[in-house]
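Take a look at the structure set out below.
Values quoted throughout were computed directly from the atomic coordinates according to the rules given, and no laboratory measurement underlies them. Because the structure is a prediction, the values reported are computed rather than measured. Glycine gets a Cβ as well: all are built from the backbone with ideal geometry, and neighbour counts include every protein chain shown.
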Amino acid sequence: MIDVIIVEDDFRIAKIHEEFLGKVSGFRVVGKALNGEEAIKLVKANKIDLVILDVYLPDIVGSSMIESIRETNTNIDFIMISAATETEIVSEIIRNGVFDYIIKPVKMERFIETLERYREMRENLDKSREVDQLFLDKYFGHPSDKVEHKDTPKGIDPLTLDKVSEIIKTLPIGITAEEMGKRIGASRTTARRYLEYLISTGEVVAELEYGIVGRPERKYHVVK
């Protein structure tokens, strides 16, 4: 389980981000902080893996907050969510090694895609004693001839797409978007987007299947 704290001075926005996190398996919100001081207390009191952090806090700016938290625990990752777009601020935050930076207002699908990518990165690191160049190329965004779906459109992450493609190949009876979402730890909407993309590439077909109550449901199969 990935333990997360949300550092956001607007409690309403923090609640929305918590709801988004609840849509992705493998994440657990252990606390929310309205300012930097509360965030430091949470980090000291809990084993935190990831901080969802705003730039503008009442008592400190986000870039300094990263440094303060890492003085307490160096093994923490950061995803920045902020309205700050000034080049100077963003450049400093990037140099601090954040995993991602999302500009407010946050779209749910963009947020979920980042969480899924982060979770996959951690899983790959946890299960391997060494990493190869392919993993690093995917993480740092370098094109690679080994990446099958390197020209995917916006909203389609190659790593997630590969996972969806591999899963469906093992299922001769097919799978629904809801079932796929559970397998990859994503929402039904996200899973359907990847499955529909595979239809557009000619790798997958879909057919309507009627359940017990007669409601039709799309079931996806690999093209034979």
* Structure fact -> Taking a crude spin-label model, label points 7 Å out from Cα along the C-beta direction, the Tyr56 to Met1 distance in nm is 3.5 nm
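When a footprinting reagent is the concern and you count Cβ atoms within 10 Å, what order do Ile156, Ile69, Ile52 take, fewest first? Please report the intermediate quantities before stating the final value.
On the way: Ile156 16, Ile69 23, Ile52 26.
Listing Ile156, Ile69, Ile52 from fewest to most nearby Cβ atoms yields Ile156, Ile69, Ile52.
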* Asked: Taking amide hydrogens as modeled 1.01 Å from N in the peptide plane, which residues meet the under 5 Å criterion relative to Ala33, leaving out close sequence neighbours?
  -> Ile6, Val7, Glu8
* Backbone N under 12 Å from the Ile102 label point (7 Å along Cα→Cβ), restricted to region 69-91 -> 79-82
* Treat every Asp and Glu Cβ in region 2-125 as -1 and every Lys and Arg Cβ as +1, leave all other atoms uncharged, and give the resulting dipole magnitude about the Cα centre to the nearest 20 debye. => 360 debye
* Pop a pseudo-label 7 angstrom from the Cα along the beta-carbon direction at both Ala45 and Glu19 and give the gap in nm to one decimal. => 2.6 nm
* Structure fact -> Output for region 8-57: trypsin sites (Lys or Arg not before Pro) sitting in coil per DSSP, at most 16 other Cβ within 10 Å, listed by number, reads Lys47
* **Farthest positive-ward along the chain dipole, Cα basis, beta-carbon charges - from Ala186, Val106, Gly62** => Ala186
* To do: Could you run the Karplus curve 6.51 cos²θ - 1.76 cosθ + 1.60 with θ = phi - 60° over region 14-23 and give me ³J(HN,Hα) per residue in whole Hz, x for Gly and Pro?
  => 4, 5, 5, 5, 5, 5, 4, 4, x, 8
* Asked: Can you give the charge dipole size of the chain about its Cα centre, rounded to the nearest 20 debye, using +1 on the beta carbon of Lys and Arg and -1 on the beta carbon of Asp and Glu?
  -> 780 debye
* **Shape category assigned to region 28-104 from the gyration tensor of Cα positions, a/c cut at 1.5** => prolate
* **Length-normalised contact order of the chain in % [C-alpha pairs under 8 Å, at least 6 apart]** => 14 percent
* Using the charge dipole of the chain (Lys, Arg: +1 at Cβ; Asp, Glu: -1 at Cβ; taken about the Cα centre), state which of Ile167, Ile48, Ile79 has its Cα farthest towards the positive end. => Ile167
* Between Glu67 and Arg183, how many nm apart are label points set 7 Å from Cα along the C-beta direction? -> 4.7 nm
